[in-house]
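Working notes for the structure below.
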Amino acid sequence: MDFNTLDIIIFTAYCLLIIGMGLFVSREKKGHEKNAQDYFLASKALPWWAVGASLIASNISAEQFIGMSGSGFALGLAISTYEWMAAATLVVVGVFFLPIYLKEGIYTMPQFLHRRYDSRVRLLMAVFWLLIYVFVNLTSVLYLGALSLQTIMGVPLEYGIYGLAFFAMVYSIYGGLKAVAWTDVVQVCFLVAGGLATTYLALSMVGEGSVWDGLGKLREAAPKHFSMIVQKGEMMIPDGEGGARDAYLDLPGLSVLIGSMWIINLTYWGCNQYITQRALAAKSLNEAQKGMVFAGFLKLLMPLIVVVPGIAAYVIVQEGIDVPFVQAMTDASTSSIKSDKAYPALLQLLPSGLKGLAFAALTAAIVSSLASMTNSTSTIFTIDIFKSYINKGITERKQVTVGRLTTLVAFVVAALVAPQLRQLDQAFQYIQEYTGFVSPGVFAIFMFGFFWKKTTSDAAMTAAILTIPLSAMFKFLTPSLPFIDRMGVVFVILAVLMVVISLVQGKGKDSPNAIEIDKKLFKTSSTFKVGAAIIILGLVVLYAVFW
């Protein structure tokens, strides 16, 4: 990818803006040393638009730009269910989850589990989350980001990984969540503008200069790529090893709409530290809820930015519209088309000026997610492990120091592990499947903890201990069972076990640690209600059109 002077100026300006802004907003005011609330919860001062922007910037990363575009290439619009169902999930989380979290005044998800259950559940889940954040989320984002640098600019994979990690570290280690959240507001602007520019180019290529003609040609040339509900045997996709497999294994029919996709989404958006931490840092519950609605609207837009380019790339390859583009998507080692190279290959075709903007958008998505994940990793380690088990009397100032050191270690470990992911074809599916080993247990623990007062600590521990072994067992014993359905089966088993253990152990009595919930807690503002209604109506229309 040839960068001219304008591209370099745009990209350099972006880098300097993010680093400068991150360091500026997180500077220590005269006479005030940064405390734990400042570092981990941005002083609890985020307005709704910052909450919403940070939620999306934290969520949208290389796994969407690269991974979801790759899945768009292989699967089509159906992969958008992760984005569109997330919009509905944000409404549910805003109504039912956030009021409970903010009422409890917590910093972390394990901290909530300690209050509802006991220290054993807290420690075990804290360890689970740390392992997932570092070895699944961080590594995959670093790998996918570096893959894009390699495809676009020829940067060796390892150098790309180290460079991205360093960029994110520059401002996030010092500033904490305040630096991450406020720079995310700018990052969202870059990723939306740059993403739309890439979509425009892709559709123009397919439509021979016309975006509208390009949209029409996509549906004509790839009709199966515009089906939201994939049936068994309907579509075969690359398996990453030169063969093919049924797309139904990734998106099993109605399960994505009324089944276990809800477990994925509610766990991610409602029980996930690096997502909920933004809402916990809001000025008030009302601001947090409005931020959720704002994020929901952005989620409805995301498939246009991250999925449609992948479908366009599929048509370009199938129709042989651009030979150099096909070559850019071909993996040198296997001589086969690699789905995850769709988006980076498109970026190479952008005109001068837009290249710098689009590359800045991709980098913004990557570094914002890296910063968010490592900040949440440091929050959990500092609050739930170091402060709880290693040094209970640690000062506020030292908590900030431990948080910074944890961030550094997380970056180093992830950078060393990330190159091992190079054999994957659809990294997005890798992320979903392996976080899905823990999701059924997490969802069961939180749902029963919220809404069933009889749930005991031993029941929660049972779910936490069994979620990975049960998921692994079903993966290897029933390879034909889609992983989304597998999560549903594991959740049902864990839920039954939790009910039985709680009733036997508690003898029908409420747990002494049960959360007291008043219906008034779930009241929302008229602004939230209107926004939520528009989101739900939009989803009904989208699924009706693309069923």
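Each value in this text was obtained by applying a stated rule to the coordinates, not by laboratory testing. These numbers come from a predicted model, not from an experiment. Cβ: placed from backbone, ideal geometry, glycine included. Neighbour counts: every protein chain shown.
Miscellaneous remarks
- Dipole of the chain, positive direction: furthest Cα of Ala282, Val155, Thr455, with charges on the beta-carbon: Thr455
- Between the range 335-413 and the range 476-501, the alpha-carbon centres lie 31 Å apart.
- Peptides 114-123, 49-58, 290-299, 373-382, ordered by how many other C-beta atoms sit within 10 Å of their residues on average, highest first, read 373-382, 49-58, 290-299, 114-123.
- Solvent-free Debye scattering, log10 I(q)/I(0), computed from the Cα coordinates of the range 507-547 at q = 0.14 Å⁻¹: -0.60
- Three-way shape call for the range 327-409 based on the alpha-carbon gyration tensor, with the a/c threshold at 1.5: prolate
- Compactness ratio for the chain: Cα radius of gyration over 2.2 N^0.38 Å (N = residue count) comes to 0.93.
- Share of pairwise Cα separations in the range 87-233, more than 20 Å, in percent: 74
- Size of the range 144-210: Rg and Dmax of its alpha carbons, in Å, are 15.8, 48.
- Within the chain, helix-based [θ] at 222 nm, where runs of 4 or more DSSP H residues each add -39,500 (n - 2.57), nearest 500: -22000 deg cm²/dmol
- Cross-link partners of Lys507 among lysines (Cα-Cα below 24 Å; sequence separation of 8 or more within a chain): Lys453, Lys454
- Among Gly76, Ala146, Gly175 - extreme Cα towards positive end, dipole of the range 56-202, charges at beta-carbon: Gly175
- Acute angle (nearest 10 degrees) that the helix 48-59 long axis makes with the longest principal axis of the chain, alpha-carbon atoms: 70
- Placing +1 on each Lys and Arg Cβ and -1 on each Asp and Glu Cβ, with no other charges, gives the chain a dipole about its Cα centre of roughly 2220 debye.
- Relative contact order %, the range 1-149, counting alpha carbon pairs below 8 Å whose residues are six or more apart: 23
- Dipole orientation for the chain: of the candidates Gly353, Leu123, Asn265, Leu123 has the Cα lying most toward the positive pole (charges on Cβ; Lys, Arg +1; Asp, Glu -1).
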